[in-house]
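Notes follow once the structure below has been shown.
Bear in mind that the values in this text are calculations on the coordinates, not laboratory data. Because the structure is predicted, anything quoted here is derived from the model rather than measured. Counting neighbours? That spans all protein chains shown, and the Cβs are built from the backbone with ideal geometry, glycine included.
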Amino acid sequence: MKRTIVTGAAGFLGSHLCKQLLHLGCEVVGLDNLSTGRMENVADLEGVGAFRFLLCDIADAAVLNLEETEGAHEIYHLASPASPKFYREMPLQTIAANTVGTRHMLELANKHKAKLVYTSTSEAYGDPKVHPQHESYRGSVHTWGPRACYDESKRLGETICYEYFKRFQVEVKVARLFNTYSAGLRNDDGRVISNFVNQAIEGEAITVYGDGSQTRSFCYVDDTIRGLIRMMEADNATGEIINIGNPVEHSVLEVAKLVKRLAESSSAITFLPLPEDDPKVRSPVIEKAEFLLGWRPEIDLVEGLTRTIEAYRNDHKK
Ligand code: UDP
């Protein structure tokens, strides 16, 4: 049985990934320090298959000696706060997870000759001056701002991956993830889809930041997870950075109106100040993922939002 380590296992993406890997018959060791992840995300995984959860901080060197990581075949390194709300509350922990934590995971990969997928981010492109974003675009970022703890540490995480790939031939693959969503995000996550859907269901004002003309490209979680697993499987993805996202771009105001319509909500749409350094546009070129992985998203925003609204609604009823 393939032993797979997932960091950030109790998070939104991590818990979805663990579930899918267990369905595929892997033995999964999930690591999380619960800084933003929640035990309820992993509570039912033991029933799905061979799952073990370890409460630990990947930035702590003790992770290098965990018995449960012995003989690992694959490492998915997802651990990091990902919502702007949370990484701004814990900037130094975010930096540690993506730099020291990434190095620790690469050390483990090197020791056990395991393959490693590192989840980087579209934020590596910053507030992009080239649109849409191809992997070769080097980004428009800066070190001195509220988002820097996330985007700069993800970029440095990529560089550490590069060094382990070049120096030690670790089979590393880097995924740059673009906004992923579905039910399962915390109600207080603060990201746009969870805010809008919760607000629409509760009949509260839908809070658009700025004039809502900024764009994002939203990828449904099942598509993202399928992309990450394909990446781990694909030998030709080794040593590559690959965008994983849905290339269909929407303005934030369009999303607010769409959520309101799909939820049949009477909520008003209200406009609040745009946060500092909020990127104006964001959309992936996914030719590389199509070519190397044979992957492209299958679930469009209407379908994904419909599923998300229904799931949040059921959750609200509990
Ligand atoms: N946003 C918004 N209202 C909200 C939450 C977010 O208008 O209640 C906007 C935010 O300013 C950004 C976009 O939605 O332009 C996506 O924000 P999110 O925090 O989901 O992720 P980001 O892509 O900025 O990391």
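Provide the gained length on full extension for the span residue 113 to residue 64, in nm with one decimal, where the gain is 0.36 nm per separating residue minus the Cα-Cα distance.
Taking residue 113 through residue 64 to full extension adds about 16.2 nm, to one decimal.
Could you name the lysines whose alpha carbon sits less than 19 Å from that of residue 257, not counting residues in the same chain fewer than 8 places away?
280
Report D for the chain in µm² per second (integer): Stokes-Einstein, Kirkwood Rh on Cα pairs, 25 °C, 0.890 mPa s.
Roughly 125 µm²/s, to the nearest whole number.
Which one, 130, 160, 207, projects farthest toward the positive side of the charge dipole computed for the range 104-209 from Cβ point charges (K/R +1, D/E -1)?
Value: 160.
With charges only on Cβ, +1 for K and R and -1 for D and E, what is the dipole size of the range 131-199 about its Cα centre, in debye, rounded to 20?
For this selection, approximately 120 debye.
Among 243-251, 142-150, 95-103, what's the highest-first ranking by average C-beta atoms within 10 angstrom per residue?
Result, highest mean first: 95-103, 243-251, 142-150.
Between residue 251 and residue 274, what is 0.36 nm times their sequence separation minus the Cα-Cα distance? Round to one decimal in nm.
Stretched fully, the residue 251-residue 274 segment lengthens by 6.9 nm.
Mind checking which lysines have their Cα closer than 28 Å to the Cα of residue 2? Skip sequence neighbours fewer than 8 apart in that chain.
Result set, ordered by chain and number: 19, 111, 113, 115, 154, 166, 173, 288.
Based on Cβ point charges of +1 for Lys and Arg and -1 for Asp and Glu, what charge dipole magnitude is obtained for the chain about its Cα centre, in debye rounded to the nearest 20?
Dipole of the chain, to the nearest 20 debye: 300 debye.
Determine which aspartates and glutamates satisfy two conditions relative to residue 317: a Cα distance under 15 Å, and not lying fewer than 8 residues away in the same chain.
202
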